[in-house]
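Here the structure comes first, spelled out in structure tokens, and everything after it is commentary.
No lab work stands behind these numbers, since they all come straight from the coordinates. These numbers were taken from a predicted model, which means no experiment stands behind them. All Cβ positions, even for glycine, are placed from backbone atoms using ideal geometry, and neighbour counts span all protein chains on display.
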Amino acid sequence: MSVATSSSRAISLNLLQQLRYYNEPMTMGGWIREHYGDFVPVRFQGHEYIGIATAEGARQIFANDPANYDAFFKEGFTSIAGPASLWVLAGAVHRRERKLFAPAVHATHVREHGNTVLEITRLHLAKWQPGQTVKSIDTTMAISRDVIMRLVFGIEEDKLMEEGQEILDELRISLNPLITFIPALQKRWYPPWRRFSRAKERFTEWVNRVLAARRALNVDSGDVVSIMLATRYEDGSPMQDDEIRDELMTIMQGGHETTATVLAWALYELGRHPEVLAKLRAELEDSGSDLNPNLVVKLPYLSAVCDETVRLHPILAECARVPLIPMEILGHKVLPGQALVISIVSIHHDPDLYPEPDKFIPERFIERTYNRYEFLPFGGAHRRCLGAALSEYETRIALAELVLHWEFQPVVIERDTRHDVAMGPKYGVPLRILARRDPKWAASATNE
């Protein structure tokens with residue numbers, strides 16, 4: 001058994017390679033695996049990381065007791081999301097917070113809001129016009145943002161809603177990979193950090209007003225904020241406002257862009273693969289006389305399309321753990337403090353798992369069931385994204401509505417690039433809107 005040390009075995013990335021990894025982790029992740037294998041010690045920003053590029057490596061990491069790991073990149077993420085964010089908590093505190101927060105985003109709770117997701121999707125699609133070119137990410141971001149406003153914050157009052165929409169958009173736009181991954185740039189002298197700090201301050205002030213208004217109403221609206229306000233720790237004490245704010249910030253950064261990006265990529269791939277689009281529409285139209293959200297989300301080919309989209313275009317390039325004790329991974333001894341970085345992009349593009357990995361083939365998810373180490377769009381184990389159920393539910397409902405009622409065509413060749421923590425399409429998936437369409441059931445009803 002070899003020992004992973006900071007010796008000459010570790011590769012060092014020069015500044016250009018580091019910048020390329022920040023911006024193009026798909027390309028650099030593949031290059032590192034091709035040249036150095038599945039277990040790669042890497043020197044990066046003065047620290048040593050262990051790159052893991054196989055599902056078996058992910059399995060071994062996730063199989064360890066969560067108590068044996070600390071959170072990854074705590075310094076950088078604390079400044080972004082706050083000290084009470086699940087991103088930076090570890091040990092018993094992390095377990096406690098997940099347990100408290102989980103009911104708010106559990107699948108059974110999420111399924112109560114399908115019609116709200118559908119209503120918001122239709123509201124934004126009503127702005128599309130045949131003949132125009134739209135940047136689809138703008139539409140999908142607006143859908144995702146407003147779903148969060150309603151299902152997470154419980155906001156319906158116009159003035160508070162409009163202000164929140166503006167603030168959430170500003171937060172998203174102001175975050176970028178450099179201030180996310182280089183803590184030395186998280187300083188007031190750096191203009192992008194000043195811009196993000198101002199947006200975060202506005203978000204904090206707005207959340208404080210939302211919480212005050214919700215407490216004054218004293219009504220359980222079934223949204224995430226209501227659940228958090230009602231939550232009590234084992235000693236009977238409530239969550240503090242700063243704890244609620246940090247978790248809401250985490251939801252915003254982890255959930256807003258994720259769902260919107262999957263939707264935009266799905267439209268891109270469906271527009272480039274008309275045979276897949278036709279098959280999906282046939283499944284949707286055969287499912288009933290109208291969109292029933294809780295039936296639609298169970299359709300196998302729709303799920304396969306969504307899963308293949310996020311496999312081919314992962315939102316997270318990697319997930320990571322920091323061992324607190326020595327452990328063995330893939331036959332190598334890993335020392336405490338050597339961060340284990342699981343390359344999701346490498347696993348999702350492993351030709352042994354996914355033949356022709358660079359092709360869009362939804363049928364692979366019909367023909368085979370992938371385990372949680374082979375397919376991990378939301379990370380894994382005790383740090384798997386708590387909002388995964390909401391993201392998957394929303395994506396399926398919104399995509400069904402989009403493809404049933406619109407003809408569209410991508411107008412550029414897209415590339416995967418990192419926007420902040422997450423990746424997305426470089427150009428935002430511009431679409432030419434060709435025409436409105438009537439689903440088969442609607443056309444049949446018209447002809448009767």
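Just a few scattered comments:
- Gyration tensor (alpha-carbon) shape descriptor, segment 287-387, a/c threshold 1.5: prolate
- Residues whose amide H lies under 5 Å from that of residue 434, counting only those 5 or more places away or on a different chain, are 131, 407, 408, 409; hydrogens are built 1.01 Å from N in the peptide plane.
- Per-residue Cβ neighbour counts within 10 Å put 373, 190, 233, 268 in the sequence 233, 190, 373, 268, beginning with the fewest.
- Oblate is the label for the chain. Its Cα gyration tensor axes, ordered a ≥ b ≥ c, give a/c of at least 1.5 and b/c at or above a/b.
- Segment 68-73 - phi-based ³J(HN,Hα) in whole Hz, Karplus 6.51/-1.76/1.60, Gly and Pro as x: 8, 10, 9, 5, 8, 6
- Under-5 Å amide H pairs with residue 44, H placed in peptide plane, nonlocal only: 49
- Pairwise Lys count, segment 2-447 - Cα closer than 24 Å, eight or more residues apart or different chains: 17
- Using θ = phi - 60° and Karplus 6.51 cos²θ - 1.76 cosθ + 1.60, couplings along segment 93-99 (whole Hz; Gly, Pro as x): 5, 5, 4, 4, 5, 4, 4
- Comparing 283, 56, 162 in a Gaussian network model of the chain (Cα springs below 10 Å), the most mobile by mean-square fluctuation is 162.
- Of all the options 216, 317, 199, the one that moves most in a Gaussian network model of the chain with Cα springs shorter than 10 angstrom is 216.
- The amide H of residue 417, built 1.01 Å from its N in the peptide plane, has 424, 426 as neighbours under 5 Å, considering only residues 5 or more places off or on other chains.
- Among 356, 257, 269, residue whose mean-square fluctuation peaks in a GNM of the chain (springs only between Cα atoms under 10 Å): 356
- Of all DSSP-defined beta bridges confined to segment 2-447, some 75% are antiparallel rather than parallel.
- Listed by Cβ neighbour count within 10 Å, with the fewest neighbours leading, 340, 295 appear as 295, 340.
- Karplus-derived HN-Hα couplings along segment 185-198 (A = 6.51, B = -1.76, C = 1.60, θ = phi - 60°), whole Hz, x at Gly and Pro: 8, 7, 9, 5, 6, 8, x, x, 6, 4, 5, 5, 4, 5
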